[in-house]
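A.B. asks: Have a look at the structure that comes next, please.
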């Protein structure tokens, strides 16, 4: 080969190599263009799948407040433990041994989760702070890879079991499972979005990553008509009744008769919604709203008002009670088997005379009675914002025999809910106007502004105002002079009615032998009614079964505290004689230089005057008896400091 041809060959080779390099570069450029421009989303997805975990992020639920802004249910930030099984360096059995004491699942479940072919598994949700801190320390000390925490919102009830059945509870997926938490789930639940949890090579979350999404908007908050202090008063009285009377169940409802606002609703037995998994099914039931029962004698004022409103009976109508009455071949008697002779409506209600009520009902007729019973709202839900409300059971007036009419007239043969009874007595106290009960006062936006308010709603005029006034006067005498005297609050006028009814046998029909519901429902002060309170005691097992004996004292306990809490002045003014001198007032309490007050001589002064003086002085009142004071344990002229208990003895 000659020397001239060598350069030519090198040039040819050079050009060939250059052409190959150009072709390779072109392919690479085209590939890069395709990956970065055409198929960028697919590439990113493949890349991110190696360093991220997608999870849903639920923002905190809205807070539930009482009427004064005190939180009843709120969301707090807790830590939840997760693992990436693909990033583990220790075997699952060893990890389970370390963390099992602090999580809610077993060692076996932990091992099973850690062996899953996935990049994300939960090991525990919403852990208690002490347990999450313990696991954090284990992760640090043992240098565990693939285990970490995310923050989640957990529902917290700061007052424990207060109003538990009203509030309900929330599951781990932020789903309301009972009570208002369930009914208002859409309003309370915050926004839901997807959070991309970026991880480092050890599987630890990089929360500062630009992949993390912003937290969605917080849910609306809700303000209730409930007053936490009134709720506490009702629950404490109910708790004491459970100890003293030992019933199967018991309920209390406190409502404002003028607005229909529920100030308190309490049930026993109960549970702590913070630990709802430890409660029983019966503990969750809001029996004040859901339970059906025969109201017994508490229904008699409803029937009496219907008779008066229709003109079929008057307050002066005389009934000659022989102790029994015949209806459809059945003999009906009074509870004590006795006759009361010639009586009028006042005596019939005050002494709860069954025969008189039966005659009144038969005289009025089933059609008229049923018309007014429906005007009071019986036979249909009240419409309150709570789940499971009962409708009740009423007779069909077209099919009622005389015995049905007589039975309904004494509160038997029908079924109502406690809330329906409160609404009906609220109408009596409110000039005959039936108000719709409600428990939600307002909805608030996430920024705290009011989104909407619940307006008071009248559900019609159940009875004329003058008839309501007549029934109020009679029921006041029921408390001051009749079977409801154990409900009397010294210095105040309250009206009410006792009731004792056999329990229905819901399985086989008829009644359960020896099993009763004792109740008392009342309102006041009668001059300007601010409260309607119902006390229902189911299956009392310790002592009396009568509402006047066991439910009326609970009413008194609650009302005695309510008049102090709302600072309602006594309506009964008394002048008390001590020797030949008429004493009208106690000296105003005044503080000494050391902050103490000097005790006066309370002898001869009425219960209400002594109570008010001690309350104004900031002292704790420990009364013994009722009536007028006769002595005191702390001597007159002695000094007492705020919070000291002063014992005063009274006699009638």
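The values are calculated or read from the model by the stated rules, or taken from the named source; none is laboratory data. Here the structure is a predicted model, which means the values were calculated and not measured. Don't worry about glycine lacking a Cβ; one is built from the backbone with ideal geometry, like all the others, and counts go over all protein chains shown.
A.B. asks: Answer yes or no as to whether residue 165 is at pLDDT 90 or above, in contact with a strand residue (DSSP E or B) (Cβ under 6 Å, 6 or more places away or on another chain) and not in a strand (DSSP E or B). Spell out the reasoning first.
C.D. replies: On the way: at pLDDT 90 or above: yes; in contact with a strand residue (DSSP E or B) (Cβ under 6 Å, 6 or more places away or on another chain): yes; not in a strand (DSSP E or B): yes.
So residue 165 fits the description; yes.
A.B. asks: Here's something else I'd like to know. Here are some residues: 337, 329, 311, 365. Which one is more than 30 Å from residue 260 (Cβ to Cβ), at pLDDT 95 or above, surrounded by fewer than 20 Cβ atoms within 10 Å (Cβ to Cβ) and out of contact with any strand residue (DSSP E or B) (no Cβ under 6 Å at 6 or more places or on another chain)? Don't jump to the end; show me each part of the working.
C.D. replies: Values: 337 fails: at pLDDT 95 or above; 329 fails: at pLDDT 95 or above; 311 fails: more than 30 Å from residue 260 (Cβ to Cβ).
365 is the lone residue from the list that is more than 30 Å from residue 260 (Cβ to Cβ), at pLDDT 95 or above, surrounded by fewer than 20 Cβ atoms within 10 Å (Cβ to Cβ) and out of contact with any strand residue (DSSP E or B) (no Cβ under 6 Å at 6 or more places or on another chain).
A.B. asks: Something else about it: How many residues, within the range 408-434, are surrounded by fewer than 23 Cβ atoms within 10 Å (Cβ to Cβ) and either more than 28 Å from residue 363 (Cβ to Cβ) or in contact with a strand residue (DSSP E or B) (Cβ under 8 Å, 6 or more places away or on another chain) (or both)?
C.D. replies: Going through the range 408-434 one residue at a time, the tally reaches 5.
A.B. asks: Give the range 609-652 a look and list any residue that's under 15 Å from residue 587 (Cα atoms), assigned to a loop (DSSP other than H, G, I, E, B) and modelled with pLDDT under 85, or say none.
C.D. replies: Scanning the range 609-652 gives 636, 637.
A.B. asks: Let me ask something else. Quick one: in the range 498-541, of everything that is assigned to a loop (DSSP other than H, G, I, E, B) and in contact with a helix residue (DSSP H, G or I) (Cβ under 6 Å, 6 or more places away or on another chain), which residue is surrounded by the most Cβ atoms within 10 Å (Cβ to Cβ)? Talk me through it step by step, then tell me what you get.
C.D. replies: Let us first name the residues in the range 498-541 that are assigned to a loop (DSSP other than H, G, I, E, B), namely 505-510, 525-530, 539-541.
If we keep only those that are in contact with a helix residue (DSSP H, G or I) (Cβ under 6 Å, 6 or more places away or on another chain) as well, we get 526, 529, 540.
Working: 526: 20, 529: 22, 540: 25.
Within the range 498-541, the match that is surrounded by the most Cβ atoms within 10 Å (Cβ to Cβ) is 540.
A.B. asks: Quick check on my filter: what residues within the range 113-132 are part of a helix (DSSP H, G or I) and in contact with a helix residue (DSSP H, G or I) (Cβ under 9 Å, 6 or more places away or on another chain)? It would help to see each step written out before you state the result.
C.D. replies: Let us first name the residues in the range 113-132 that are part of a helix (DSSP H, G or I), namely 113-114, 129-132.
Result: 113, 114, 130, 131, 132.
A.B. asks: Restricting to the range 434-472, give me the number of residues that are more than 30 Å from residue 344 (Cβ to Cβ) and not in a loop (DSSP other than H, G, I, E, B).
C.D. replies: From the range 434-472, those more than 30 Å from residue 344 (Cβ to Cβ) are 435-459; that's our starting set.
This time we only want the ones that are not in a loop (DSSP other than H, G, I, E, B), so: 435, 438, 440-444, 450-453, 458-459.
So the answer is 13.
A.B. asks: Now, a different point. Among the numbered criteria (1) under 18 Å from the mean Cα position of the chain (by Cα); (2) part of a loop (DSSP other than H, G, I, E, B), which one does residue 258 miss?
C.D. replies: Every condition holds for residue 258 apart from (1).
A.B. asks: Which condition from (1) in contact with a strand residue (DSSP E or B) (Cβ under 8 Å, 6 or more places away or on another chain); (2) on the phi > 0 side of the Ramachandran plot is the one that residue 248 breaks?
C.D. replies: (2)
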